[in-house]
Amino acid sequence: MIALSNPRYNGGFFMAPAPRATAAGYICCMHIDILTVLPGLLESPFAHSIMKRAQEKGLLTVAVHPLRQWAVNEYGQVDDYQYGGGAGMVMMCEPLAHAIEALCAKGAYDEIIFLTPDGETFDQPMANQLSLKKRLLLICGHYKGIDQRIRDHFVTREISIGDYVLSGGELPAAVVVDAIGRLIPGVLNDETSALTDSFQDQLLSPPVYTRPEEFRGWKVPDILLSGNHRLIEEWRHEQALERTRTRRPDMLND
Ligand code: ADE
């Protein structure tokens, strides 16, 4: 479980580590708080691979906060029927406002983000921009959504991960944290690998190959075995262009 087993967890909050120089000389560090009614959904995404390494290196801390800590009664109530009638419960102002204020008291946020299908569509430029921030709060919606007054008075940014509706904001929050976290300097071992991702230069990535040179008669393109780095870069660029032209022509028209 990411929160409880983490040594920085101190009974409800992670403390963001003080920025420090890493072995690679970086001093960046980002802290992300996530507010949710389903903390269990966020146990795994940050406990493996690159996100785990980012936290081990002290470059990123992610703290998941169960909203029911701020419930309005002993039954753990955080939602209620919507005014005006209609199906679906709405997440109440009181628990959200108290949670946000308690978290803000630990340090100001650069952005308070609500994950919602009617937000701005998340993309690589937005991930790049958010990766420069130091402290973010992500609010995961559920049921019919959250009371509009929280959006009006606390939320600074609303993000959608695509034009489809998920059951809640937890998976979108995990997507956003992953996309941002891997861009923090020092998180990836090979610094250039984030820069050569699809979308970073407005092109999809070219095809990649690894050993063996031949598998079932299917050969690796000769150029990649040539050792000529200039020609290899040219080939990769052409392949990236071609792939973008055929799969995502819209990216070339913008
Ligand atoms: N919550 C439900 N669906 C969502 C989406 N597509 N993006 C962000 N948050 C959501």
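Round to the nearest 10 and give me the degree value, 0 to 90, for the angle of helix 229-247's Cα axis relative to the longest principal axis of the chain. Result, in degrees: 50. The residues of the chain have, on average, 56 Å² of accessible surface per residue, using a 1.4 Å probe with all protein chains present. Per-peptide packing, taken as the mean over residues of other Cβ atoms within 10 Å, places 178-184, 44-50, 155-161 in the sequence 178-184, 155-161, 44-50 from highest down. Can you give the angle from 0 to 90° between the axis of helix 93-104 and the longest principal axis of the chain, with both taken from C-alpha atoms, to the nearest 10? Helix 93-104 sits roughly 60 degrees off the main axis of the chain.
Share of the chain's accessible area from carbon and sulfur, percent, 1.4 Å? Taking all protein chains in place, the chain shows 53 percent carbon and sulfur surface.
Per-residue ellipticity at 222 nm computed for the chain from its helices equals -8500 deg cm²/dmol, with DSSP H segments shorter than 4 residues left out and the rest contributing -39,500 (n - 2.57).
The values are calculated or read from the model by the stated rules, or taken from the named source; none is laboratory data. Bear in mind the structure is a predicted one, so any value in this text is a computation, not a measurement. Cβ coordinates were reconstructed from backbone atoms using ideal geometry, including for glycine residues, and neighbour counts include every protein chain displayed. Note: areas computed on protein heavy atoms with side chains; ligands, DNA, RNA excluded. Shrake-Rupley method; radii C 1.70, N 1.55, O 1.52, S 1.80 Å.
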